[in-house]
Amino acid sequence: MSGNEVFNPSPEFSSRAHVGSMEAYRDLCRRAEEHPEIFWAEQAEKEIHWFEKWSHAFEWHPPFVKWFAGAKTNAAYNCLDRHLETRGDKAALIFEGEPGDQRTITYRQLHEEVSRFANALKARGYKPGDRSIIYMPMIPEAVVAMLACARIGVTHSVVFGGFSAEALKARIQDLDAHLVLTADAGWRRGKELRLKDAVDEALKECPAVRDVIVYKRTGAAIHMQEGRDSWWHELEAQASADCPAEQLDAEHPLFVLYTSGTTGKPKGILHTTGGYITYTTCTMKWVFDLKEDDIYWCTADIGWVTGHSYIVYGPLSAGATCLIYEGAPDTPAWDRWWDIIERHKATILYTSPTAIRALIKQGEAWPGKHDLSSLRLLGSVGEPINPAAWEWYHRVIGKGRCPIVDTWWQTETGGILIAPMPGAVPLKPGSGTLPMPGVLAEVVDFEGKPVADDAEGFLIIKRPWPAMIRNIWGDPDRFQQQYFSRIPGIYFTGDAARRDKDGYFWVLGRVDDVMNVSGHRLSTMEVESALVRHPAVAEAAVVAKPHEITGQAVCCFVTLKLGDWDHHKLGLELRQWVAHEIGSFARPEEIRFSESLPKTRSGKIMRRLLREIVTTHTVTGDVTTLEDLGVVTKLAAQHDED
Ligand code: WTA
């Protein structure tokens, strides 16, 4: 593959697609751009059930936006109740646990489960405006937990099961949640991921939590605290299955999802109800070209935004059948995914470049053992997909038949903003291609002026879209400052990009101190603050270094307090320490000890130089502001000794 190849949609694919030609795509874009109020009101009416309608589609007072204000709806109602008549017996979820247990749950059964659990929450006094934390394995009950909260207006915040007790505690405290939904444990590579233990640890410093509800997944021996902890199955057994969905304002907070920013403190991204459910439903159809008989599989975890928008809310609102898998791709062997696709006849696979690269490394024999002919569409998310990974995904998994939708978006955007509509838009490997209708994306310079074709710049979005972030939980100043101050009043993505002469976007990566490890966002500051909490560490600077599988890996430069340290032992300990403080996905690849760190005369650590050292092993850039050049020479030389 030359890297410049263009893949046109096949006539068969286009003829069946929701949007089947460039003209149709352009027409949607033109209407959305010229009359956004009319366009989005039409989409909202067509795709979503409303108990009451709005008067204006949106009100935009930067940085704050309201979509469909005054209207009433409910996300869970849209995902469940409205399907009962036409899709009641259709599978909503097909679940496979890591040990091999399987369950198919129809829309009617899911509706009943959710209603029962929602009543159990109501019986304990939870109501619209309250907040919950969901810390669960990838099992159907995680979906039930989210939808039950949405049904009664409790704002949920899902914390990825791989986060540590420390990280969990910080989120519970920031959100001031009184309710925690969890499980005893989940399965990961044949071992128990002991979630309830982590909850117990976190709650030592969260006195506001009144209720912990525990789903029994593995049967692990756990501690249940009298008066605070109850079993999911016991509460559910007592609850009725009749629980009408709360009629909520379109701007009612649906969820908060914490993500890394440029400081050590994660930020709670707030999403609301009406605009979010409208946008995720529309993009589910546009990008995944969803059909009634599709078996759709997104391999993300519900702890990340991809799991929220494209495992739960988007697909279920669109009436899809979703596969969910609890465990690791190599358990019991490296063909687990291909086996799942073959047995369940999955038609759409949505995954990340980092997963694809890990699978490539295991060789083509694994997918070769399975019949993957049910697949018709492939998706990618989380980071730029490199040409080699694209080519393999297309040839080995898609057999050259399946379009690949490379979807660019963020926790803040709520839904996919740049991606091909696969029946209309020709693909260029490595490019997210063109924006969704109504998404006015542009590449600009420092002053906000558009740059020339093919030139690098900042990616911005000029107009609000229905699923956009509404606020940072409890911190409107940070919200304004972070997203709307670089170019006043305009959404700043934090990504660098270029746009080619055909208008295709090529996202190049972050322009801030946010790393992307295995498609997961992690800030350098977060890892640095974790490191300096260790008693041996005086100072730390963290940078990302390129990594063959995970895209980027965490590399730490550490100076130690006075003492007689065994560097080898301490290196291992610090890697474990970061995993303990944040979560195992944040475990540094490398710890380098140094007597000092390169700093400017005003005392700022020059991460740029450290980045250069880990990528090129030399320093060529401007070092005139550096206080002590000797530090850099030593650090660069260190690599050669390694
Ligand atoms: C990066 C994940 C290139 C980007 C949905 C963005 C991508 C950050 C792509 C958001 C893609 C995500 N191509 N880069 N297709 N998708 N990114 O919040 O840097 O976990 O800003 O949301 O991931 O990560 P987040």
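The table below lists the values:
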item	result
Centre separation in Å (Cα based) which lies between the stretch 4-47 and the stretch 377-396	23 Å
11 Å beta-carbon shell around S596, net charge (K/R +1, D/E -1)	-2
Between the stretch 279-335 and the stretch 397-433, the Cα center-to-center distance that results, in Å	15 Å
Karplus 3J(HN,Hα) series, Hz, for the stretch 197-205 with 6.51 cos²θ - 1.76 cosθ + 1.60 (x for Gly, Pro)	4, 5, 4, 4, 5, 4, 6, 4, 10
Antiparallel DSSP beta bridges within the stretch 518-641, percent to nearest 5	75 percent
Net lengthening on full extension, A237/T615 (0.36 nm per residue, minus Cα-Cα)	130.4 nm
Size of charge dipole - the stretch 220-345 - debye, nearest 20, with Cβ of Lys, Arg +1 and Asp, Glu -1, no other charges	480 debye
Alpha-carbon Debye profile of the stretch 518-641, log10 I(q)/I(0) at 0.11 Å⁻¹	-0.35
Rounded to whole Å, sorted largest first: equivalent-ellipsoid semi-axes of the stretch 549-606, Cα gyration tensor	22, 17, 10
Integer Hz, Karplus 6.51/-1.76/1.60 couplings in order for the stretch 135-142, x for Gly and Pro	9, 9, x, 7, 10, x, 5, 5
Cleavage-rule hits (trypsin sites (Lys or Arg not before Pro)) in the stretch 485-527: DSSP loop, at most 10 neighbouring Cβ within 10 angstrom	K501
Positive-end residue of W392, G186, P546, charge dipole of the chain with Cβ unit charges	G186
Nonlocal amide H pairs with I295, under 5 Å, H built at 1.01 Å	T347, I348
Efficiency of FRET between A221 and A333 - r from beta-carbon atoms, R0 35 angstrom, step 0.05	0.75
Kirkwood hydrodynamic radius of the chain, from inverse mean 1/r over distinct Cα pairs, in Å	25.5 Å
Using θ = phi - 60° and Karplus 6.51 cos²θ - 1.76 cosθ + 1.60, couplings along the stretch 221-226 (whole Hz; Gly, Pro as x)	6, 10, 8, 10, 8, 3
For the stretch 81-190, convex hull of alpha carbons as volume per residue, Å³	99 Å³
FRET E, pair K604, D454, Förster distance 22 Å, beta-carbon r, rounded to 0.05	0.10
Dipole magnitude (debye, nearest 20) for the chain, charges at Cβ of Lys, Arg, Asp, Glu	340 debye
FRET efficiency, K569 to A388 (Cβ-Cβ, R0 56 Å, nearest 0.05)	0.90
Estimated Rh, the stretch 342-465: Kirkwood, alpha-carbon pairs, angstrom	15.9 Å
Listed residue (Y483, P598, V619) projecting farthest to the positive dipole end of the chain, Cβ model	Y483
Residue-averaged 222 nm ellipticity for the chain, from DSSP H runs of 4+ at -39500 (n - 2.57), nearest 500	-9000 deg cm²/dmol
Local electrostatic count, A318, Cβ distance below 14 Å [Lys/Arg +1, Asp/Glu -1]	+1
For the chain, share of DSSP beta bridges that run antiparallel, in % to the nearest 5	60 percent
Spin-label model distance (nm) - E447 vs K204, 7 Å beyond Cα toward Cβ	5.6 nm
Coil-residue trypsin sites (Lys or Arg not before Pro) of the stretch 554-620, DSSP, other Cβ within 10 Å capped at 14	K561, R601, K604
Inter-part distance where the stretch 562-589 and the stretch 68-119 are each reduced to a Cα centre, Å	43 Å
Residues in the stretch 242-282 reached by a label modelled at S55 [backbone nitrogen below 16 Å; 7 Å Cα→Cβ]	250-251
Rough spin-label spacing in nm, given labels placed 7 Å along Cα→Cβ, for D512 and Q173	2.2 nm
Exposed-loop-free span, longest in the chain, where chymotrypsin sites (Phe, Trp or Tyr not before Pro) count as exposed if DSSP calls them loop and at most 16 other C-beta atoms lie within 10 Å	52-445
Other-chain or far-sequence residues with amide H under 5 Å of S157's (modelled H)	S132, I133, I134, V256
Distance (nanometres) between label positions extended 7 Å along Cα→Cβ at R30 and S10	3.1 nm
The stretch 274-361: equivalent-ellipsoid semi-axes (sqrt of 5 x gyration tensor eigenvalues, Cα, Å)	24, 14, 11
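Bear in mind these aren't lab numbers, they're just calculated from the coordinates by the rules spelled out. A quick note: this is a predicted structure, and the numbers were derived from the prediction, not measured. Cβ sites come from the backbone with ideal geometry, for glycine too, and all protein chains shown count toward neighbours.
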